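Structure first, commentary second.
Read-outs: derived from the displayed coordinates by stated rules, not from any lab. Fair warning: this is a prediction, and the values are worked out from it, not measured in the lab. FYI the Cβ positions are ideal-geometry reconstructions off the backbone, even for glycines, and counts take in every protein chain you see.
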Amino acid sequence: AQSVAQPEDQVNVAEGNPLTVKCTYSVSGNPYLFWYVQYPNRGLQFLLKYITGDNLVKGSYGFEAEFNKSQTSFHLKKPSALVSDSALYFCAVRDERGQAGTALIFGKGTTLSVSS
Amino acid sequence: EAGVAQSPRYKIIEKRQSVAFWCNPISGHATLYWYQQILGQGPKLLIQFQNNGVVDDSQLPKDRFSAERLKGVDSTLKIQPAKLEDSAVYLCASSLVGRWNEKLFFGSGTQLSVL
């Protein structure tokens, strides 16, 4: 069965430093991977996705993610963190079980805290 | 463009009571999802609609949960009777046509507390 794992409940980083939020996945077929961000009292917002092609995917707000097939990882990165990046981040994989296969399976989330 | 609208924003009920949540997706979006997000966990799919038909309800507890999308636009999710473990945020999401590589647009959710 497909799944994603986010091994860190919380990541703390100082403003201006690079950040990494980790995600590993398990799929039976091709991995279709996504990152979403959730700000307090807001719905989830799409950041980026990997479908195929380049292993480095660029997304919204300066975020990027690196797909690594051999390590089954899809880590979220940003070269220079901002205080406003503080939020809850979810990694997700497309659910292949459904008839249409468009629903997503989410990890438990990682809280990113950026200090000034 | 207007986002996914959900109401109410908060709901507090006692166990064994019933409750209903409403969702209006982005105009023109054919696919609608209901997710349950329990505190400390990622969202879990409850049901997926394509227009007014159910695509996937395999994780919906059908003995107490029901959902409908009668005209292929807005949707209602109902719980009857509610249990303590139903306390969660209920998220509605929509996507344009339901392709596997589409992004989902989420509403702000309804936070349910069952006492």
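With respect to A:PRO40, determine if the residue is in contact with a helix residue (DSSP H, G or I) (Cβ under 8 Å, 6 or more places away or on another chain) and surrounded by fewer than 19 Cβ atoms within 10 Å (Cβ to Cβ).
no
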Practice item. Can you give me the ranges of the strands (runs of 3 or more DSSP E) entirely in the stretch A:1-75 with at least 2 residues that are aromatic (Phe, Trp, Tyr)? Key: A:33-38, A:44-50
Review point. Which residue pairs have Cβ atoms under 7 Å apart, sit 6 or more places apart or on different chains, and have a first residue in the stretch A:32-46 that is within 14 Å of B:GLU102 (Cα to Cα) and facing another protein chain (nearest Cβ under 7 Å) and a second that is among the polar types (S, T, N, Q) and assigned to a loop (DSSP other than H, G, I, E, B)?
Key: A:TYR32/B:ASN101
Practice item. Return only the number of the condition from (1) closer than 28 Å to B:LEU39 by Cβ; (2) more than 14 Å from every other protein chain (Cβ to nearest Cβ); (3) surrounded by 16 or more Cβ atoms within 10 Å (Cβ to Cβ) that A:PHE67 does not satisfy. Key: (1)
Exercise for review: Taking A:VAL93 as the residue in question, decide whether it is crowded, with 20+ Cβ neighbours inside 10 Å, farther than 29 Å from B:GLN6 by Cα, within 14 Å of another protein chain (Cβ to nearest Cβ) and of a type in the set (A, V, I, L, M, F, W, C).
Suggested key: no
